[in-house]
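Worksheet: the structure to be examined is printed underneath.
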Amino acid sequence: MSATPSPRFLIVVVGPTAVGKTALCVRLAQHFGTEIISADSRQFYQEMSIGTAKPTQEEQQGIRHHFVDSHPITETYNAGAYEQDVLALAGQLFQRHEAVILTGGSGLYVRAVTDGMDEMPEADPAVRESLTARYQQEGLQPLLEQLQELDPTYYERVDKANPQRVIRALEVCLSSGQPYSAFRKAGTRERPFHIIKIGLTRDRPELYERIDRRMDLMLEQGLLEEAKSLYPYRAHNALQTVGYKEIFDYLEGQYDWEEAVRLLKRNSRRYAKRQLTWFHKHADYTWFHPEQWDEILRFIRQQMQDAAQGKV
């Protein structure tokens, strides 16, 4: 009679930008002797390093980080493909590790792994290009108005400050002839591993100070030069985001450098606030300060013990 296989655990660590996810996850990976899967939808791209705060080789401390520098900027990559790729990778990693760590601030990509993605129809690339060009020329408001008309249900739920989400919904509406919300019906999918969810947060003044310091460091490291090199790809979804868009607008003469720096910091703080709101709203995370190492470890161990005893 074969023994029951021991349970496997995906330790999910989320939180806003600059909260301290990398340092904690590297420490967890060292403790559990495992590897890290990135769920940051911009760190996938090889050409985007400074503006995405990719962990340096020194910060990685020899821990293998998957889905960092995994794709060229010219390749389209989405949450549905990421779900399938991560599940395949996790299956391999769990053959040699009891626990694997998934971390990032891209809520949709985390949720794709933990809950599963809805089956979305293929969208016409020409529609996406047209919507992106319209957004660049007219701003987000006309697209929001069109979304409200085509899919009032999703319009009520969408993050109205996130152009990628709005454009994605519209491209599905226009390509399929049906509301985007009609395809968002799937429930949580079963996974062959236990999921332990941890959220990291800090007091708002402390977090905002860290964000401002990080932005100053990015600028010292050459964010302007990196953005200039990426300017030809500015219509790419991954570049329609804080850290790059402000510099693209500066390069196009919409405001001076001092204003660009002010907007970089302000929009990064706003992005962090949206990230926290998303994670609090969409999933049952247990929240810690990144420096609560003992408490975090105790929580993980208790979750593992409960799973081994069939309590969860």
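Of the candidates 161, 182, the single residue that is without any contact (Cβ under 8 Å) to a residue 60 or more places away in the chain and closer than 23 Å to residue 111 by Cα is 182.
Report those helices (runs of 4 or more DSSP H) wholly inside the stretch 221-311 carrying at least 2 residues which are within 25 Å of residue 72 (Cβ to Cβ), more than 19 Å from the chain's Cα centre (by Cα) and not polar (S, T, N, Q).
Filter on the stretch 221-311 gives 223-230, 245-251.
Exactly one residue among 293, 278, 287 is buried (at least 18 other Cβ atoms within 10 Å of the Cβ) and either within 30 Å of residue 242 (Cβ to Cβ) or in contact with a helix residue (DSSP H, G or I) (Cβ under 7 Å, 6 or more places away or on another chain) (or both), and that residue is 278.
Residue-by-condition table, conditions (1) loosely packed, with under 15 Cβ neighbours inside 10 Å; (2) modelled with pLDDT under 95; (3) more than 16 Å from the chain's Cα centre (by Cα):
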site	(1), (2), (3)
21	no, no, no
53	no, yes, no
67	no, no, no
85	no, no, no
93	no, no, yes
99	no, no, yes
112	no, yes, no
136	no, yes, yes
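Within the set 153, 132, the sole residue that is closer than 23 Å to residue 43 by Cα and either surrounded by 21 or more Cβ atoms within 10 Å (Cβ to Cβ) or among the polar types (S, T, N, Q) (or both) turns out to be 132. Take the conditions in contact with a Lys or Arg (Cβ under 9 Å, 6 or more places away or on another chain) and modelled with pLDDT of 90 or more and apply them to residue 292. Does it pass? So residue 292 fails the test. Selection within the stretch 23-48: residues that are β-branched (Val, Ile, Thr) and outside any loop (DSSP other than H, G, I, E, B). The member of this set that is surrounded by the most Cβ atoms within 10 Å (Cβ to Cβ) is 36. The residue pairs whose first member lies in the stretch 92-108 and is at positive phi, whose second member is of a type outside the set (Phe, Trp, Tyr), and whose beta carbons are closer than 6 Å, counting only pairs six or more residues apart or on different chains, are 104/38; 104/39; 104/40. All conditions but one from (1) crowded, with 18+ Cβ neighbours inside 10 Å; (2) in contact (Cβ under 8 Å) with a residue 24 or more places away in the chain apply to residue 260; the one that does not is (2).
Here is a yes/no grid of residues against (1) touching a residue at least 60 places away in the same chain (Cβ under 8 Å); (2) over 23 Å from residue 271 (Cβ atoms):
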{"position": "133", "(1), (2)": "yes, yes"}
{"position": "147", "(1), (2)": "no, no"}
{"position": "154", "(1), (2)": "no, no"}
{"position": "171", "(1), (2)": "no, no"}
{"position": "175", "(1), (2)": "no, yes"}
{"position": "194", "(1), (2)": "yes, yes"}
{"position": "197", "(1), (2)": "yes, no"}
{"position": "201", "(1), (2)": "yes, no"}
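If I filter the stretch 196-203 for residues that are more than 30 Å from residue 88 (Cα to Cα), modelled with pLDDT of 95 or more and surrounded by fewer than 16 Cβ atoms within 10 Å (Cβ to Cβ), do I get at least one hit? Within the stretch 196-203, one or more residues are more than 30 Å from residue 88 (Cα to Cα), modelled with pLDDT of 95 or more and surrounded by fewer than 16 Cβ atoms within 10 Å (Cβ to Cβ). The set of residues in the stretch 182-195 being at pLDDT 85 or above and either surrounded by fewer than 16 Cβ atoms within 10 Å (Cβ to Cβ) or not assigned by TED's automatic domain parsing to the domain that holds residue 287 (or both) consists of 190, 191, 192.
The values are calculated or read from the model by the stated rules, or taken from the named source; none is laboratory data. Note that this is a predicted model, so its numbers are computed, not measured. Virtual Cβ from ideal backbone geometry, glycine too; neighbours counted across all protein chains shown.
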